[in-house]
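The values are calculated or read from the model by the stated rules, or taken from the named source; none is laboratory data. On a predicted model such as this, the values are computed, not experimentally measured, just so you know. When we count neighbours, we look across all protein chains shown, and the Cβ atoms used for this are built from the backbone with ideal geometry, even at glycine.
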Amino acid sequence: MRIAVAGDEPRYTTTEQLRLERELLDRARDRLHAHVGRARADLIEEAIARRSLSGEQAELVPALTSSGAGIEVVRAPAGAGKTFALDAAREAWTRSGIDVVGCALSARAAAELREQAAIDATTVARLRRALDRGHRLGYRGVVVVDEAGMVGTRELAELARHADDRGAKLVLVGDDRQLPEIEAGGAFRALAERQGALELREVRRQREAWDREALSELREGRPEKWAREYAARDRLVTAPTTPALRARLADDWWASRERGDDALMVALRRRDVADLNQLGRERMRAAERLRGEDVELGPRSFAVGDRVVLARNDRDLDVVNGERGEVRAVSASEISLRLDRGRDVRLPASYAGEHLDHGYAMTAHRVQGATVDRTFVLGSDETYREWGYTALSRHRDSAHFYVTAPAPFLNRPAQSLQDKQELVDTIVRTFEDSRKQELALEAVERDPHVAHVLRELDRAREHARADERRIQTLRDERQQTPWYRRAPRRDLGQALETSERAVANGAGRVDELREDVERLIGTPRPLPEGRPAREVLAHAAWLDRGRALTRDAHDVGLGIDR
């Protein structure tokens, strides 16, 4: 289905996509009081008491483990300590006899769930394949999905269906202000806004309070305050040319590394990452940090002392996409690494030649979830708000952002200005663009005809649920009324018959309204005439933004595990 949007390019969605989105939202609402995943109160208290949780973490754990909701959303900014809180929730659940499993978009994030929260976790793709082959979730168990803000709607809808089939609780943990979904998305944000979300707000990663506050402004879509704070502390760095800017970034990174910091360069595009990695290696070689000759493995060369990052999972080798390490030995046939988690591995040339890269610089997609001392982030004309927040929130001590100087700075240093407003304005424009996704259904709902029918459908479903609750109450009362009290039993029986007819009629009305929704969604109607093109496009506003990102997937180095 072609759907018009404000902008130069048309977007497309399908009735199947709209059906999936509606099904997910309906399932979340219908299971709001499913009474699943409820741990014992005393075990929740013991799990909290055993850990040094912050106040809001300690509030999150009982809310998550006792609400009973079938689908629960947990929203947390970068560095809020969500995994620490999940560990306490996992203990409360498992000690209450509730099975807990987890998954994440990347194998690295799944490994962190296992290591930091003791949750048996795998990738989303692997769990879905297992479920499609007949594997069953634990009955009335819990499924935790980390990085859920990056998981596409189809995957979330399928996981929600499997959880519903087994009476399990689905917990979606993530942040819709960080990197968006690659596939058609918007579900995590929509669920959080429509159903409500448990939230962690206190960031614990950055050491300086002003830094935490500035990053919070950037996350909320208010980059000007962040830019002013960073400019005032010389965290925004400029140079007149691209080569000069990259050399400055590499020099600053190297100085930090030489002081003993865990420092990392970050860029948007893979070609920029490759350039920064080359600059990093040149400084390593000049300082004699690399030992021996370079050995070519595929398109790259490695030497003893090189920092590297793995780019593919391999269960036989026990390595995970996104892991970092240091080269201990290298030959034409294999390379030996000491991984940052402390394990030594030997990789054959067949793996290293295709799936090993230098690890001085990385894309934001690859470093999401990571924590280092200092980051040095390369800006470009393709950066956007969610990317910026993700890349600039990895550090404990400091982050620096590098941009080619705007015209006023070309012939004089930034420090000579009365103020740095020109630089701040340039940076703010860099982060004006947002790539957060919305459901295609949300765009459709802005059509007044569809919105009216959906409101009617919501009312009909709520009436049907109320009638079902009344039927259950009447059945309970009739069962508890002694047989010899014939008149009350007769009255209850008549009331029960009336309510059952109402349920049947309500179900018919719900089916009719569903058919109306499908007809309206699937049948384009002419838009009002005599209106400017921009208004007409905004009126239509039917959108599946996930497809817009897939064309850039290869270039930015997503590191998504399938």
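Select the helices (runs of 4 or more DSSP H) contained entirely in segment 286-405, then report the ones holding at least 1 residues which are of a type in the set (S, T, N, Q).
In segment 286-405, 349-355, 385-391 are the helices (runs of 4 or more DSSP H) which contain 1 or more residues that are of a type in the set (S, T, N, Q).
Of all residues being crowded, with 16+ Cβ neighbours inside 10 Å and of a type in the set (A, V, I, L, M) in segment 472-497, which is farthest from the chain's Cα centre (by Cα)? Just the residue, please.
LEU492
Within segment 13-55, which residues are surrounded by fewer than 17 Cβ atoms within 10 Å (Cβ to Cβ) and closer than 18 Å to ALA117 by Cβ?
GLU46, ALA49, ARG50, ARG51, SER52, SER54
Hey, does segment 519-528 have a residue that's out of contact with any strand residue (DSSP E or B) (no Cβ under 8 Å at 6 or more places or on another chain), modelled with pLDDT under 70 and crowded, with 16+ Cβ neighbours inside 10 Å?
yes
What do you reckon, is ARG478 basic (Lys, Arg), at pLDDT 80 or above and part of a helix (DSSP H, G or I)?
Considered against the rule, which asks whether it is basic (Lys, Arg), at pLDDT 80 or above and part of a helix (DSSP H, G or I), ARG478 comes out as yes.
Can you work out which of the residues in segment 318-342 that are touching a helix residue (DSSP H, G or I) at 6+ places or on another chain (Cβ under 7 Å), modelled with pLDDT of 95 or more and not polar (S, T, N, Q) is surrounded by the fewest Cβ atoms within 10 Å (Cβ to Cβ)?
Across segment 318-342, the extreme among qualifying residues is ALA332.
Suppose we filter ARG136, ARG140 for residues that are surrounded by fewer than 20 Cβ atoms within 10 Å (Cβ to Cβ), assigned by TED's automatic domain parsing to the domain that holds GLU23 and at positive phi; which single one remains?
ARG140
Regarding ARG161, is this residue in contact with a helix residue (DSSP H, G or I) (Cβ under 8 Å, 6 or more places away or on another chain) and among the basic types (Lys, Arg)?
yes
Only one of (1) hydrophobic (A, V, I, L, M, F, W, C); (2) modelled with pLDDT of 95 or more; (3) crowded, with 22+ Cβ neighbours inside 10 Å is not met by VAL372, so which one is it?
The failed condition is (3).
Which residues, counting only those in segment 213-230, are assigned to a helix (DSSP H, G or I), touching a residue at least 24 places away in the same chain (Cβ under 8 Å) and surrounded by fewer than 21 Cβ atoms within 10 Å (Cβ to Cβ)?
Within segment 213-230, SER216, GLU224, ARG228 meet the criteria.
So which pairs qualify, if the first residue must be in segment 41-54 and aliphatic (A, V, I, L, M), the second must be part of a loop (DSSP other than H, G, I, E, B), the Cβ gap must be under 9 Å, and the two must be at least 6 apart or on different chains?
LEU43/SER96; ILE44/SER96; ALA47/ALA39; LEU53/GLY81
Among the residues of segment 231-265, which ones are closer than 22 Å to THR426 by Cα, in a loop (DSSP other than H, G, I, E, B) and of a type in the set (Lys, Arg)?
Residues satisfying the conditions are ARG233, ARG235.
Scan segment 195-212 for residues that are surrounded by 14 or more Cβ atoms within 10 Å (Cβ to Cβ) and in a helix (DSSP H, G or I) and jot them down.
Scanning segment 195-212 gives GLN195, ASP211, ARG212.
Of the conditions (1) under 28 Å from the mean Cα position of the chain (by Cα); (2) surrounded by fewer than 23 Cβ atoms within 10 Å (Cβ to Cβ); (3) assigned to a loop (DSSP other than H, G, I, E, B); (4) not polar (S, T, N, Q), ALA274 satisfies every one except a single condition; which number is it?
Here ALA274 clears every test but (3).
State whether one or more residues within segment 17-29 are at pLDDT below 95 and under 27 Å from ASP397 (Cβ atoms).
Scanning segment 17-29, I find no residue that is at pLDDT below 95 and under 27 Å from ASP397 (Cβ atoms), so the answer is no.
For segment 424-435, which residues satisfy the criterion of being surrounded by fewer than 19 Cβ atoms within 10 Å (Cβ to Cβ) and assigned to a loop (DSSP other than H, G, I, E, B)?
Those that are surrounded by fewer than 19 Cβ atoms within 10 Å (Cβ to Cβ) and assigned to a loop (DSSP other than H, G, I, E, B): GLU432, ASP433, SER434, ARG435.
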